[in-house]
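Have a look at the structure below, then the notes.
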Ligand SMILES: Cc1ncc(COP(=O)(O)O)c(C=O)c1O
């Protein structure tokens with residue numbers, strides 16, 4: 001008897017039942033199925049940067065493998081990389097960051113690790129929505145009650161005092177804040193981030209500041225919560241988008257040494273450690289980060305702004321002016337199809353993959369997210385196809 005012909009498995013645990021994953025990976029799988037049938041698909045579903053990574057990183061990684069750095073690594077990450085990250089934050093913030101304040105782990109895993117370490121099942125987690133799908137997935141897996149605090153398009157999806165009050169009033173165990181934001185691109189102001197950190201400290205609420213796209217802010221200078229450290233705040237970032245190396249699965253957390261020690265134990269429990277050669281590659285990238293990130297930032301600024309302009313000119317679709325990164329959160333309410341159906345139709349009839357809005361919170365089913373970090377010509381063609389479908393559905397005649 002094969003596995004496929006077995007009627008069913010045994011029942012899964014509650015945590016197993018509550019695994020939801022990230023919708024954009026499911027969309028990518030459907031898109032790749034079409035590609036295997038020989039169709040060309042425009043990939044706007046994942047934040048999967050297609051720029052070439054810095055050669056220093058690639059060379060150092062290959063060299064590290066040739067030098068047989070293929071054994072186990074320390075559970076909290078390669079000491080030299082932790083030191084390099086700490087140095088960078090010490091210079092940026094003036095605070096005495098050292099290696100003991102840094103843990104190396106994949107950013108996506110760090111979200112789960114943070115919630116796992118700080119929250120018990122049925123605790124409340126406050127999210128400002130729309131919010132990155134992994135926050136919802138990790139909360140569901142652990143069994144947390146999510147308090148969704150919506151931000152509004154009218155306000156450019158910025159964080160305001162009223163929303164901070166609403167989040168704190170719900171008496172959550174933890175809050176996650178994400179500036180620069182995925183999916184809206186909004187960069188929150190320094191006074192609002194400081195207020196949130198202060199309120200969380202006063203009310204003894206854990207705070208995760210996800211700063212994965214902070215360096216890619218082109219709206220105004222990005223403010224890192226590493227600049228006002230509190231014992232219960234954890235700053236998270238990733239090398240994936242900064243160096244265009246998501247497959248390296250390398251990110252880091254900056255926090256109180258007690259939290260860092262717990263994160264290291266968590267990593268050793270879950271995956272033992274990260275590969276040495278990818279960490280050595282990232283270490284080589286630290287010295288070329290500023291000029292490389294500047295190139296990525298100006299590329300993102302130009303392409304994302306061009307896409308936003310085309311979308312807002314289209315008549316039926318709307319999105320906020322982007323302030324960072326490479327995402328647009330597009331309001332499709334005028335086209336008359338909800339997000340899932342729109343995305344399915346877009347993939348089937350226009351060979352273009354985007355992410356449904358409800359992946360960022362159940363209330364956002366009249367939106368889609370577009371990622372603009374692919375090859376520029378493909379991204380522009382994908383956006384043209386999104387607009388074409390919206391115009392077909394909205395009854396506007398499409399030019400040939
Ligand atoms: C806001 C945010 N946080 C965390 C992550 C996870 O980053 P990584 O893929 O480097 O683990 C992502 C990835 O897209 C993200 O958008």
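The values are calculated or read from the model by the stated rules, or taken from the named source; none is laboratory data. Bear in mind that the values here come from a model prediction, so they are computed numbers and not experimental data. Neighbour counts are summed over all protein chains in view; Cβ atoms, including those assigned to glycine, are modelled from backbone coordinates with ideal geometry.
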Just name the residue that is surrounded by the fewest Cβ atoms within 10 Å (Cβ to Cβ) out of those in the stretch 160-188 that are within 11 Å of the ligand (Cβ to nearest atom) and closer than 11 Å to residue 207 by Cβ. 177
Residues that are in contact with a helix residue (DSSP H, G or I) (Cβ under 6 Å, 6 or more places away or on another chain) and either in a strand (DSSP E or B) or buried (at least 21 other Cβ atoms within 10 Å of the Cβ) (or both), drawn from the stretch 109-118: 111, 113, 115
Of the residues that make up the stretch 261-272, is at least one within 16 Å of the ligand (Cβ to nearest atom), assigned to a loop (DSSP other than H, G, I, E, B) and at pLDDT 95 or above? yes
Keeping to the stretch 178-196, report how many residues are under 18 Å from residue 148 (Cα atoms) and part of a loop (DSSP other than H, G, I, E, B). 7
Return the pairs, sorted by first residue and then second, in which the second residue is assigned to a loop (DSSP other than H, G, I, E, B) and surrounded by 19 or more Cβ atoms within 10 Å (Cβ to Cβ), the first residue lies in the stretch 167-189 and is in the same structural domain as residue 129 (by TED's automatic domain parsing) and without any contact (Cβ under 8 Å) to a residue 40 or more places away in the chain, the beta carbons are less than 6 Å apart, and the residues are 6+ apart or on different chains. 188/159; 188/179
